[in-house]
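Comments concern the structure below.
Each reported figure results from applying straightforward, stated rules to the coordinates on display, with no laboratory input. This is a predicted model, so every value here is computed, not measured. Because the Cβ atoms are built from the backbone with ideal geometry, glycine has one as well, and the counts that use them run over all protein chains shown.
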Amino acid sequence: MQIRYRNKGLERLLIAVNILACAAVAASFVCLFGYEKPLLPENFLYVAQFVLLFIFIIEKALRFINAESRPDFTRANWFELPLFILLIIILVSAWVVAGRIKLSPVQNTAVCIYLVLQVVTKSCRTVVNMAAAGRNPTKTMALSFLVLIFVGSSLLTLPKAGADRNVPISFIDALFTATSATCVTGLTAKNPGSDFSLMGQLIILTLIQLGGLGIVIFGAVFALLLGQALTLRESGAMQDLLSTQTLSKIGNMIAFIFGFTILIETIGALSLFGTWNTDNIHDQWFYSVFHSISAFCNAGLSLFDNSFIQYNRSWQIYIVVCPLIILGGLGFSVLYDIANICTDKAKLLYKRFFQKQSFFADRSRRQFRLQSKIVLTVSAVLIILGAGGIFLFEHYSAGAGESHSIGILDSIFQSVTARTAGFNTVDIGQLSASSRFVLILLMFVGGSPGSTAGGIKTVTLAVIVMSVLAALRKRQEVEIFRRSVRLAIVGRAITVTMLFVLVLFTAIFALSITERANGFDLSQISFEASSALGTVGLSTGITPHLTTAGKLIIIAVMLIGRLGPMTLLASLAFNIKPARYNYPEEAIIVG
């Protein structure tokens, strides 16, 4: 809901005050919890937080007075008053129980929670407004990724974020880890399980969740949860970011994304419980939640030094992790389509069996969209061909004296995870060159549009393949499932693929220069660059040994791989100015 204010100057001043207050809140939390001992006296920091609390309260009061429509302002911020009343009740109750007016841990905790909610609310709402303010909302998405990476890197360099409090994580390693988590890649210069403390692991997990779904989407989800309806421009921005076709159902789509994500990640965490080699109940839960979120977001970050190699005999790794990865890589528009079709079928069965509807009654129901058909078909084909290729190459292409014990389950798992998840149940460095080449091809394709995965995407591959078949059949139009694909879509698919190839070759060439002293061969470098560009996270084991220049190259490639197709397609789709003339045609020879 867009709120208009009478005094524009006062509103600009309040915005500036909000920014400074949010920064001060973040600084106070860093000083309190980022070091072994607070940088400043605790009482001073808690008093400062109380002052910031009053600033936020005064800011809301002034905005209420300045609003042109106070009922609209009240509806848009309905949660503020109950939250404030609850805070007052906690503070007063604590004072009454203590019998003295002095700050207690309960009061400090209550104020901290209130400030966190205020900062999160303001940040999410600001991101959504910024996405709707310009003509190209993906620029805001890209900027939000950069800000998230910078903030995450800064937090990971705090002494309490590292496992060794005396030796904090270097900024380059923190930047690498934050980029890998935010871009849901999985390449690690430092192991999240052994090199980071619980605080650092929670920061990484937060970056994975925000980066996997996108902070702009989280902003919209948070706004809807608070009952704040999106404006028409905000709905249009969300439509562009989610690649949906119906503007009227954008709220349903966002709610579905949030609900489905929470549901699947919860089921995944419950299913993984009991898998890990530890008797500590808290570790069991944390490992389950961490790996469930990491799998669904296709991040591939693990708390174990060798990923899932030590658990390659556990059925949960194959039965639970693989579906999480596949669901995260299908794309939310496809999942939304599947959910609607399943709902329609359930309603039809209910009417037939419980309402005594005739068997020959109208059974018209929703059909799969072309996007869903392509995604499901190509995903299934890639998983099957990838698994078959790895299994055959590992059993029939081994050299003399070599033996491989990769079974069909490991082959399927690596085929699934190579499409941007990054977990592994076998040592990637010990695979044959032909199997690693299969993995490179899978990493290059990646997941599907609108998902947490990277790569050129399955639909792009399908369009290019069908374009080749159309040329061989001498057909003027590209046809998929008895539907014609517009020429503009074919051009975008070719453009995305060519740019990906260009970035990949450039990264390989640059790494071959920076890593010359390390003695890495071209196969290892190519695999590392492909994994970074596809936001996969698989590695032959060279990531921790990269030079600083090599790490910076991988950081850039990971960011391009996460944002490249999205920003490219947006730039192609916005502000198109068709030419008002055509040049004369002339035949040329190709091939």
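Separation of the range 501-526 and the range 289-312 by C-alpha centroid, Å?
Spelled out, the Cα-based centre of one part sits 27 Å from the other.
Sorted by mean Cβ packing within 10 Å, highest first, what order do the peptides 107-119, 159-171 take?
Order by mean packing, descending: 107-119, 159-171.
Order these by the 10 Å Cβ neighbour count, fewest first: Ile384, Ile3.
The order, fewest Cβ neighbours first, is Ile384, Ile3.
Please give the net charge around Leu522, taking every other residue with its beta carbon less than 14 angstrom from that of Leu522, where Lys and Arg add +1 and Asp and Glu add -1.
So the environment of Leu522 carries a net charge of -1.
Between Ile85 and Ala61, 0.36 nm times their residue separation minus their Cα-Cα distance comes to what?
Details: separation 24, 0.36 × 24 = 8.64 nm, distance 1.45 nm.
Length gained between Ile85 and Ala61: 7.2 nm.
For the residue pair Glu586 and Asn252, what label-to-label distance in nm results when each label sits 7 Å from Cα along the Cα-to-beta-carbon direction?
5.4 nm
With viscosity set to 1.002 mPa s and temperature to 20 °C, compute the Stokes-Einstein D of the range 1-132, Rh being the Kirkwood radius across alpha carbon pairs; µm²/s, no decimals.
132 µm²/s
Just to confirm a number: summing +1 for Lys and Arg and -1 for Asp and Glu over residues other than Asn424 whose beta-carbon lies under 15 angstrom from that of Asn424, what do you get?
That sum, taken over residues with Cβ under 15 Å, equals -2.
What does the convex hull of the Cα atoms of the range 424-527 come to per residue, in Å³, rounded to a whole number?
Hull volume over Cα atoms, normalised by residue count, gives 144 Å³.
With a 10 Å radius around each residue's Cβ, average the other Cβ atoms per peptide and rank 536-543, 449-456, 343-350, highest first.
449-456, 536-543, 343-350
Please go through the range 402-459 and write out the trypsin sites (Lys or Arg not before Pro) that DSSP classes as loop and that have at most 16 other C-beta atoms within 10 Å.
Numbers: sites: Arg419, Arg436, Lys457; in loops: Arg419, Lys457.
Within the range 402-459, no trypsin sites (Lys or Arg not before Pro) qualify (loop, at most 16 other Cβ atoms within 10 Å).
Counting other Cβ atoms within 10 Å of each Cβ, which trypsin sites (Lys or Arg not before Pro) in the range 1-98 have at most 10 and sit in a DSSP loop? Display every interim value, and only then the final one.
Working: sites: Arg4, Arg6, Lys8, Arg12, Lys60, Arg63, Arg75; in loops: Arg4, Arg6.
Filter output for the range 1-98: Arg6.
For the range 15-44, which chymotrypsin sites (Phe, Trp or Tyr not before Pro) pass both filters: DSSP loop (anything but H, G, I, E, B) and at most 14 other C-beta atoms within 10 Å? Intermediate results must be reported in sequence, preceding the final value.
Working: sites: Phe29, Phe33, Tyr35, Phe44; in loops: Tyr35.
Counting only loop positions with at most 14 other Cβ atoms within 10 Å, the chymotrypsin sites (Phe, Trp or Tyr not before Pro) in the range 15-44 are Tyr35.
Find out how many positive minus negative residues lie around Ile412, taking Lys and Arg as positive, Asp and Glu as negative, among other residues whose Cβ is under 13 Å from that of Ile412. Kindly include the intermediate steps, with their values, before the conclusion.
Working: positive: Arg419; negative: Glu394, Asp410.
So the environment of Ile412 carries a net charge of -1.
At a Förster distance of 45 Å, what's the computed FRET efficiency of Ala48 paired with Ile309, Cβ-Cβ distance as r, to 0.05?
The formula returns an efficiency of 0.40 here.
Quick one: Trp276, Trp285, fewest Cβ neighbours within 10 Å first, how do they rank?
Ascending Cβ contact count within 10 Å gives the list Trp285, Trp276.
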